[in-house]
Amino acid sequence: MQKIKNNSLFIVSLVLAVAVIFSLASLAAAKNATSAANSINNQAGQVNAAEHRSTVANFVQSLLQIADREGGIGQQVRVIAQQQNQSATATIQAMEKVQERNKVKTFLVGTDYKNLGALRSEMVQTRNRLEQLNRLMENVQNEGDKTELQNQIQTLEQEQTRIESFIKVQEGKFSLFGWFVKLFNR
């Protein structure tokens with residue numbers, strides 16, 4: 001009887017040890033795969049932050065030039081340009097914080113939902129500014145300025161799309177307990 005108990009205990013211990021070893025091996029493999037994917041995404045994300053900074057700087061400069069030429073709506077365009085410049089700073093900081101998050105932490109609990117929320121908030125504000133610019137464009141007298149304003153609006157809309165894809169990529173990262181964290185973030 002004692003021999004059967006010892007054999008059963010040995011078999012159970014052996015099964016548990018094998019299960020733990022396979023679990024650790026699969027965790028290590030998943031971590032390596034996630035780490036490789038994250039490094040590729042972070043390189044692309046850093047390019048996105050740098051490109052966003054450049055795009056918004058060009059956008060603001062163009063708006064300020066239009067504001068200087070347009071008398072009636074010049075001040076309103078200037079205010080929108082300044083607001084977008086401030087928004088760009090907040091957007092870039094949030095993107096960089098998401099990208100710089102510890103990989104192990106991201107793997108375990110998911111991405112930085114707080115800063116992704118800040119990015120979404122900035123996107124809503126930018127959408128509102130785009131709507132204001134579209135309304136102001138109706139009052140522009142000079143066709144050249146109108147065309148330039150349309151081009152800048154399209155550029156900023158494309159930038160919005162890129163930020164949206166950045167958010168989706170970050171939210172799509174694999175995590176072990178991300179589903180649990182999302183329950184409390186909603």
Check your understanding: Hey, among the residues in the stretch 98-130 that are assigned to a helix (DSSP H, G or I), basic (Lys, Arg) and over 13 Å from residue 166 (Cα atoms), which one's farthest from the chain's Cα centre (by Cα)?
Key -> 129
Check your understanding: Has the stretch 116-135 got at least one residue that is modelled with pLDDT under 90 and either of a type in the set (Lys, Arg) or farther than 12 Å from residue 170 by Cβ (or both)?
Key -> no
Revision key, fill the gap. Residue pairs within 6 Å by beta carbon, gap of at least six or interchain, first lying in the stretch 159-186 and of a type outside the set (Lys, Arg), second modelled with pLDDT under 80, listed first then second, are 166/48; 169/41; 174/34
Study note, to complete from the structure: In the stretch 48-78, anything out of contact with any helix residue (DSSP H, G or I) (no Cβ under 9 Å at 6 or more places or on another chain) and either within 11 Å of residue 122 (Cβ to Cβ) or in a helix (DSSP H, G or I) (or both) is listed as 54
**Study point:** Test: residue 77 is in contact (Cβ under 8 Å) with a residue 40 or more places away in the chain, over 17 Å from residue 160 (Cβ atoms), surrounded by 14 or more Cβ atoms within 10 Å (Cβ to Cβ) and aliphatic (A, V, I, L, M)
**Key:** yes
Exercise for review: Inspect all residues belonging to the stretch 170-185 and state whether any of them is more than 14 Å from residue 111 (Cβ to Cβ) and surrounded by fewer than 11 Cβ atoms within 10 Å (Cβ to Cβ).
Suggested key: yes
Check your understanding: Taking the stretch 45-89, which residues are at pLDDT 80 or above and closer than 23 Å to residue 117 by Cβ?
Key -> 51, 53, 55, 56, 83, 84, 85, 86, 87, 88, 89
Study note, to complete from the structure: Taking the stretch 82-139 and keeping only residues that are more than 17 Å from residue 55 (Cα to Cα) and among the β-branched types (Val, Ile, Thr), one is left with 98, 104, 106, 109, 111, 124
Point to revise | Checking residue 172 against (1) in contact with a helix residue (DSSP H, G or I) (Cβ under 7 Å, 6 or more places away or on another chain); (2) closer than 23 Å to residue 48 by Cβ, the condition it does not meet | key: (1)
Study note, to complete from the structure: Exception for residue 150 within (1) closer than 22 Å to residue 61 by Cα; (2) of a type outside the set (Phe, Trp, Tyr); (3) assigned to a helix (DSSP H, G or I); (4) touching a residue at least 24 places away in the same chain (Cβ under 8 Å) falls at (4)
Check your understanding: In this structure, is residue 165 within 12 Å of the chain's Cα centre (by Cα), assigned to a helix (DSSP H, G or I) and loosely packed, with under 13 Cβ neighbours inside 10 Å?
Key -> yes
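The values are calculated or read from the model by the stated rules, or taken from the named source; none is laboratory data. Computed from a predicted model, the values in this text were never measured in an experiment. Note that each Cβ is placed from the backbone with ideal geometry, even for glycine, and that neighbours are counted across all protein chains shown.
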